[in-house]
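Heads up, the thing below is written out as structure tokens.
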Amino acid sequence: MSYPMSLEDREIQERARRFVDEELIPHEVEAEMNGGHIDPEIKAQQQQMARDLGFSAMNMPTELGGSGMTIFQQTLVSEQIGRVTNALGWVVSTPAGWLPAIATDHQMATWVLPTIKGDLHECYAITEEGAGSDVDAIQATARRDGDDYLLNGLKWHVTSYNEANYLFFQAKLEGGDHQGEHAMFIVDMDTPGIEVVRTPAFMHTYADTHPIVGFTDVRVPAANLVGEEGDGMGFTYEWFRYERQMIAARCCGAADRLIDEATAFAKERVQFGEPIFEFQAIQFMLADSLTELWAARLMTYELARGIDRGEDVKIQHAQCSMAKLYASEMAGRVADRAVQIFGGRGYMRENVAERFFRELRVDRIWEGTSEVQRVIIADQLSKRGSTPLVG
Ligand SMILES: Cc1cc2nc3c(=O)[nH]c(=O)nc-3n(C[C@H](O)[C@H](O)[C@H](O)COP(=O)(O)OP(=O)(O)OC[C@H]3O[C@@H](n4cnc5c(N)ncnc54)[C@H](O)[C@@H]3O)c2cc1C
């Protein structure tokens, strides 16, 4: 029995699956062996296809040039995107969904609309050496200077810095009525004073880098302030909620792929004269994986439906944390079992289980660690009780 969804939803799901299976997955090993890179012409074709198929800017309203998908539909697409390794799925770009509602006309014309069209790409500079889980500990500063702001700080893990045209920079205000409060700025990458300090290597093999970036007296016009002074944290929370939901979806997709691949292998791999699928030890690993995937998928789908129905934002906040926590930890367990089922082959970089085993680890860290998700869930439980959170 399939999960109930409209014909349109099913069509979007199948369209995304075909795109991932036919256009992205065939390039995984090439990417793995080439530092995450594939032929730039093929990548450009994939990006164009992702736009033509309505996946890029799927979170943006149609009147702005997006495809205006519901959160449930975006979840279905993200789940399929999660089935491919090496971040090849990042050819599907989803611009900052929180931005159009508060962007000025200038910001819409300069950054938002070109990003929706796919002409510009953004990245996020929030985390710092001393401020990871505790975002409020950031030391980056923004000081008003005439018609401009001067930005200073050192940002860590700026994902996709090498692919981006502008970044969102979160800082604390120095001076003025909002001294010490957070503010968010849009900063073009070619603004003087921005410098890559170091580009560390990470566990996964992605073309996108995550450098440490220094900002020294970076001067941006006041028109680059997003929303009002003091609004910075609100945008970050909104972004976190969206990303947590989509990470949960991608983790379900990864687990789905791993279960399919490991099952196919187990049915064909013969040891002691019979397919290893016949051994109960192997069956149990697959059975546990499938059961946990079902649970994670139902949570993730129901959460999406709740967001589309306009569920209270505090409830959404807790449920996004629950879905991200459970789905990311589930996918980690499934990847570990998949490596085991593949045996020595599962330890080879050309094997999907090996790649996912490394790649899925970060889903328990970024956009809030598993511990931080538990803190959020427990906080909401103490304030509201369990019924509003889990029905
Ligand atoms: C590959 C990658 C890409 C990233 N991309 C970006 C990006 O584009 N932009 C950006 O701004 N940031 C980015 N990040 C940063 C990411 O969001 C942080 O790494 C994450 O929030 C955790 O912060 P931290 O690494 O400083 O760990 P810490 O906050 O130092 O945590 C260390 C450990 O302490 C635990 N801990 C912390 N607080 C608590 C608590 N209250 N209770 C219990 N345990 C706790 C954590 O769970 C963790 O186990 C990226 C990180 C990675 C690894």
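The values are calculated or read from the model by the stated rules, or taken from the named source; none is laboratory data. Fair warning: this is a prediction, and the values are worked out from it, not measured in the lab. Neighbour counts are summed over all protein chains in view; Cβ atoms, including those assigned to glycine, are modelled from backbone coordinates with ideal geometry. SASA here: full protein model, heavy atoms, side chains in, ligands and nucleic acids out. Shrake-Rupley method; radii C 1.70, N 1.55, O 1.52, S 1.80 Å.
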Would you check which residues across the range 179-206 are open to solvent by less than 60 Å² (accessible area, probe 1.4 Å) and out of contact with any helix residue (DSSP H, G or I) (no Cβ under 7 Å at 6 or more places or on another chain) and list them? GLY180, ASP188, MET189, THR191, GLY193, ILE194, PRO200, TYR206
For CYS251, the lone unmet condition from (1) over 17 Å from PRO95 (Cα atoms); (2) within 16 Å of the ligand (Cβ to nearest atom); (3) part of a loop (DSSP other than H, G, I, E, B) is (3)
One residue from GLY66, GLY35 being part of a loop (DSSP other than H, G, I, E, B) and at negative phi: GLY66
For the range 367-387, name all the residues that are touching a residue at least 60 places away in the same chain (Cβ under 8 Å) and either under 28 Å from HIS210 (Cβ atoms) or touching a helix residue (DSSP H, G or I) at 6+ places or on another chain (Cβ under 6 Å) (or both). GLU367, GLY368, THR369, GLU371, VAL372, GLN373, GLN380
Filter result for ILE25 (part of a helix (DSSP H, G or I) and over 20 Å from the mean Cα position of the chain (by Cα)): no
Those residues of the range 346-365 which are free of Cβ contacts under 8 Å to residues at least 40 places away in the same chain and either open to solvent by 40 Å² or more (accessible area, probe 1.4 Å) or among the polar types (S, T, N, Q) (or both), in sequence order: TYR347, MET348, ASN351, PHE357, ARG364, ILE365
Applying the selection to the range 128-173, what residues are among the acidic types (Asp, Glu), in contact (Cβ under 8 Å) with a residue 12 or more places away in the chain and either open to solvent by 60 Å² or more (accessible area, probe 1.4 Å) or more than 9 Å from the ligand (Cβ to nearest atom) (or both)? GLU129, ASP136, ASP145, ASP147, ASP148, GLU163
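For the range 12-19, does any single residue satisfy the condition of being closer than 16 Å to ILE116 by Cα, out of contact with any strand residue (DSSP E or B) (no Cβ under 7 Å at 6 or more places or on another chain) and open to solvent by 50 Å² or more (accessible area, probe 1.4 Å)?
No, the conditions are met nowhere in the range 12-19.
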In the range 93-127, residue nearest to the ligand (Cβ to nearest atom) [restricted to those that are open to solvent by less than 30 Å² (accessible area, probe 1.4 Å) and farther than 15 Å from MET60 by Cα]: ILE126
Within the range 189-211, count every residue that is in contact (Cβ under 8 Å) with a residue 60 or more places away in the chain and either more than 11 Å from the ligand (Cβ to nearest atom) or not in a loop (DSSP other than H, G, I, E, B) (or both). 2
Let me spell it out: the conditions are (1) over 30 Å from GLY35 (Cα atoms); (2) within 16 Å of the ligand (Cβ to nearest atom); (3) among the basic types (Lys, Arg), and ARG219 meets all of them except one. Which number is the exception? (2)
Lone unmet requirement of (1) of a type in the set (Asp, Glu); (2) open to solvent by less than 60 Å² (accessible area, probe 1.4 Å); (3) under 30 Å from VAL112 (Cα atoms) for ASP256: (3)
If GLN47 satisfies all but one of (1) farther than 19 Å from ARG250 by Cα; (2) open to solvent by 40 Å² or more (accessible area, probe 1.4 Å); (3) at pLDDT 95 or above, what's the number of the condition it fails? (1)
